[in-house]
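Bear in mind that the values in this text are calculations on the coordinates, not laboratory data. Here the structure is a predicted model, which is why all the values come from computation and not from measurement. FYI the Cβ positions are ideal-geometry reconstructions off the backbone, even for glycines, and counts take in every protein chain you see.
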Amino acid sequence: MATISLRLDTRRANAQGLFPIQFTLSIKGRTTSIGTGISIRAEHWIGEINKAVKPQCPNARAINDSIEKLYFEYSNRLREIDARGHAYSVAELRKVLTEKKEDSSRKIRFIDYMTRYAESRRTDKSTEACLYTLKVIRDFAGDDIAFCDITSNWLKVFDVELAARGISTNTRAIHFRNIRAAFNSAIKEDVIGIETYPFRKFKISASRKDKEALTVEQLRQITAYRPSSKAESIARDLFLLSFYLCGANLIDLYNFGKSKQGRIVFVRTKTSGKNENPVSILIQPEAAAIISEYAGDTLLLRFAEDATCYQTFANSVQKGVRRMARHLNIEGLTFYWARYTWATIADSIGIAEKEIGKGLGHADTSIAGKYYIAYDWTKVDRANRQVIDYVNGVSEV
């Protein structure tokens, strides 16, 4: 297979003392160069694909962006050529690479692809979120926007416009993650090339959700609270059960199978299909007491065995949580706060980020963690016990 690399040709400077940046194309021991039309001073050269020149170089950002885009464009074409099995000489290959090629991303309307992408989501909630992002994009740019129109600069302008409308940082982050997911999907399906991807130069910002975590005192108030109805009692108990199980999501509580050897082993519904590594949580005594109250015949809890569908069940629980919040004067409380609260308290008492992430069911992004290291879940067991003891006042840190 042919390879392509970047170099600065320092053999001869031009009249201004600048040297040309070139790509070197190699195949079967023969090489040729492809010019970029860019020349710089030698002292400004770095030579990395994503950072060809130093910041001190005039127009450094534009040069780096241009070089990176060209590299991904050439690399993409080389992969396509290799997949087709065509045999070219190095001169023929250079001609093929430098021929003007119609940009497929210009022909494909982003709105059309995003609509299909939204409809393919696994849950109604994800579909609704993507369709709402579509509506916001239409309001801003209309229907005819193509993939190639959505550049890093376009995303920045879009972000400023949304902020001017009073849309919060975290809501904007949801929109950008939906756009990014659609780009990733289109690249994976070979609908567009990787050179079109705009998120290498645009970082998605999100604010911390400090307001969505209870204080220890507020959590103790919930523990001591005496509900006024059966629905409110279920809501309170499941909220606490989520906390005692390292912030397990409500849909996972609903679907949990029977425990084995005192542990719940499960794959999070949210990451199913993407992260199949199971989470293993030890059932602490506080959790066991709640589980025994609502035990199911075939599942951990009985709610999924009733005739009620999940959405009706979830709405009832959220309504019960809001009613409890009004009685306790906790503004904005939702069921999801149990998860944030567990993580926040764990962090505040010095639990390592690794154990917090594993307890929450986050994927391990390191290569060693993914493929080579068998995780010791007793570390999460000890961390969870520390958190619960801290809330119970057994161990003040």
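Loop sites only, by DSSP: take the GluC sites (Glu not before Pro) in the chain that have at most 13 other C-beta atoms within 10 Å and name the longest stretch containing none of them.
Details: sites that count: GLU99, GLU102, GLU189, GLU276, GLU331, GLU396.
Looking at the chain, 1-98 is the longest stretch - no exposed GluC sites (Glu not before Pro) with at most 13 other Cβ atoms within 10 Å.
Taking the alpha carbon gyration tensor of the stretch 242-365, multiplying each eigenvalue by 5 and rooting it gives semi-axes of 22, 21, 14 Å, largest first. Using the Cβ-Cβ distance between GLN16 and ARG79 with R0 set to 35 Å, the FRET efficiency from 1/(1 + (r/R0)^6) comes to roughly 0.45.
Between the amide H of VAL279 and those of PHE266, VAL267, ARG268, distances stay under 5 Å, these residues lying 5 or more places away or on another chain, with hydrogens modeled in the peptide plane. Here's how it looks for SER39: its modeled amide H is under 5 Å from those of ILE21, which are all 5 or more places away or on a different chain. Restricting the stretch 187-274 to trypsin sites (Lys or Arg not before Pro) that sit in a DSSP loop and have at most 12 other Cβ atoms within 10 Å of their own Cβ leaves LYS203, ARG208, LYS258, LYS274. Expressed as a fraction of 2.2 N^0.38 Å, the C-alpha radius of gyration for the stretch 181-235 is 2.24. Near VAL321, once Lys and Arg are set to +1 and Asp and Glu to -1 for all other residues with Cβ below 15 Å from its Cβ, the sum equals +3.
Cα centroids of the stretch 289-368 and the stretch 54-92: 48 Å apart. Taking amide H atoms as placed 1.01 Å from N in the peptide plane, the amide H of GLY193 lies under 5 Å from those of SER105, each 5 or more residues away in sequence or on another chain.
Of the labelled options (i) 21.1; (ii) 23.9; (iii) 26.3, which one gives mean projected area of the Cα convex hull in nm² as computed for this structure? So the calculated entry is the one marked (iii).
Take the Cα radius of gyration of the stretch 104-196 and divide it by 2.2 N^0.38 Å, with N its residue count; two decimals is plenty.
Working: Rg = 12.6 Å, N = 93, 2.2 N^0.38 = 12.3 Å.
The stretch 104-196 yields a ratio of 1.03.
For a modelled paramagnetic label at THR171, 7 Å from Cα along Cα-to-Cβ, the residues of the stretch 133-159 in reach, with backbone nitrogen under 20 Å, are 133-142, 155-159. Here the contact order of the stretch 104-196, divided by its residue count and restricted to Cα pairs under 8 Å and six or more residues apart, works out to 41 percent. In terms of its alpha-carbon gyration tensor, the stretch 1-145 comes out oblate; a/c meets the 1.5 threshold, while b/c is at least as large as a/b.
With an 8 Å cut-off on Cα pairs and a minimum separation of 6 or more residues, tell me the relative contact order of the chain in percent.
Numbers: 458 pairs, mean separation 44.0, N = 397.
Averaging sequence separation for qualifying contacts and normalising by length gives 11 percent for the chain.
Sparsely packed loop sites in the stretch 144-181 (the trypsin sites (Lys or Arg not before Pro) outside DSSP H, G, I, E and B with at most 14 other Cβ atoms within 10 Å) comprise ARG165.
What translational D, rounded to a whole number of µm²/s, comes out for the stretch 136-187 from Stokes-Einstein when the hydrodynamic radius is the Kirkwood one over Cα pairs, at 25 °C and 0.890 mPa s? Translational diffusion coefficient: 212 µm²/s. Bridgeable aspartates and glutamates around LYS258 (alpha carbons under 12 Å apart, same-chain partners fewer than 8 residues away excluded): ASP297.
With bins 5 Å wide beginning at 0, the percent of Cα pairs of the stretch 1-62 falling in each bin runs 4, 17, 28, 24, 14, 8, 4, 1.
The helix-only estimate of mean residue ellipticity at 222 nm for the chain, built from DSSP H runs of length n ≥ 4 each weighted as -39500 (n - 2.57), is -15500 deg cm²/dmol after division by the residue total.
Of LYS51/LYS358; LYS69/LYS125; LYS54/LYS203; LYS51/LYS95; LYS51/LYS135; LYS135/LYS188, which sit over 28 Å apart, Cα to Cα? Before the final figure, lay out the partial values.
On the way: LYS51/LYS358 34 Å; LYS69/LYS125 35 Å; LYS54/LYS203 21 Å; LYS51/LYS95 26 Å; LYS51/LYS135 36 Å; LYS135/LYS188 24 Å.
Checking Cα-Cα distances, LYS51/LYS358; LYS69/LYS125; LYS51/LYS135 exceed 28 Å.
Karplus-based coupling profile of the stretch 73-85, in residue order and whole Hz: 5, 5, 4, 5, 5, 4, 5, 5, 5, 4, 5, 7, x, with θ = phi - 60° in 6.51 cos²θ - 1.76 cosθ + 1.60 and x standing for Gly or Pro.
Across the stretch 250-259, coupling constants 3J(HN,Hα) worked out from phi with the 6.51/-1.76/1.60 Karplus curve, θ = phi - 60°, read 4, 5, 6, 4, 5, 9, 3, x, 4, 6 Hz, and Gly and Pro carry x.
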